[in-house]
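This report refers to the structure that appears directly beneath it.
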Amino acid sequence: MALIYVADDEPNIRKLVAFGLKDAGYECAEFADGTSLLAAVRQRKPDAVILDWMMPPPDGLAVCRILRESPEGRHLPILMLTARSEEFDRVLGLEIGADDYVVKPFSVKELCARVRAVLRRASRSAEDMAEQVLAGGGLKVDIARHTVTKNGEPRELTAKEFDLLVMLMRHRGKVLTRDALLDKVWGVEYYGDTRTVDVHVRYLRQKIEDDSESPHLVQTVRGVGYKFTEED
């Protein structure tokens, strides 16, 4: 039985979500603030986390960032639950590291379906990442150890930058559209704005290219998307 942590400062919302998750067959633990949730994650890692954005400090966005920077939360499925429905907010939440974004008011059944979806993706990702090493263009990506080196020198990538690089290298020479990358790396519904992909590609290039302003490894195919190539 998958364990889901729910953090929301509104008791009624928290209990509604917990009831729906338990009814769907999940084990659930509730938290009224981000601090107590972070402490619980350190004690027992859940299978997924649902975070309210508008909690008292640290809010859901800050908690998401903290989790993504920690070993126990780097690959933890995270869903943001919030009343903030602007496109900018959705993009920001995804860029910080959320796997999905559910806007209040919401359907409990839809929320449970999204939880199932992120758990399935996390399971497939874990299987795909087991005992594999990718290499090319001076890069060596050890998927099992989650490390990247360029000409033998370590490069520090965020979780999403790492996943983006792996996806591009696995499809080397093939152009992947922004929509495809958003779906495969972030695993969320397309909201009509793929800027988050462009932002992560820019950051990734700064870390793996000899010259990020004239990239050779991750190339832009104008009007289509991006591809990984070892050609100069």
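Just so you know, all these numbers are worked out from the coordinates, no wet-lab data involved. The model shown is predicted, which means the values in this text are computed figures rather than measured ones. Heads up, the Cβs are rebuilt from the backbone with ideal geometry, glycines too, and the neighbour counts pull from every protein chain shown.
Structure notes:
- Exposure rule at most 14 other beta-carbon atoms within 10 Å, DSSP loop GluC sites (Glu not before Pro): the chain longest free segment: 1-68
- Dipole magnitude for the chain: computed about the Cα centre from +1 point charges on Lys and Arg Cβ and -1 point charges on Asp and Glu Cβ, it is near 480 debye.
- For Met55, the residues whose modelled amide H falls within less than 5 Å of its own, excluding neighbours fewer than 5 places apart on the same chain, are Gly60.
- Nearest 10 degrees, 0 to 90: helix 108-128 Cα axis against the chain principal axis: 40
- Shape of the chain, Cα gyration tensor, a/c cut at 1.5: prolate
- Vicinal HN-Hα couplings computed from phi for the range 42-55 (Karplus, 6.51 cos²θ - 1.76 cosθ + 1.60; Hz; Gly/Pro x): 5, 7, 8, 6, x, 8, 6, 10, 10, 10, 6, 5, 8, 7
- Here the range 3-127 is assigned +1 on the Cβ of each Lys and Arg and -1 on the Cβ of each Asp and Glu. Its dipole about the Cα centre then comes out at about 420 debye.
- Taking the convex hull of the alpha carbon positions in the range 131-228 and averaging its projected area over all directions gives 6.0 nm².
- Rounded is the label for the range 3-127, because the ratio a/c of its alpha-carbon gyration tensor axes (a ≥ b ≥ c) stays below 1.5.
- Out-of-range pairs (alpha-carbon distance over 24 Å; input Lys45/Lys227; Lys174/Lys207; Lys22/Lys184; Lys104/Lys160; Lys15/Lys184; Lys45/Lys150): Lys45/Lys227; Lys22/Lys184; Lys104/Lys160; Lys15/Lys184; Lys45/Lys150
- Length-normalised contact order of the chain in % [C-alpha pairs under 8 Å, at least 6 apart]: 14
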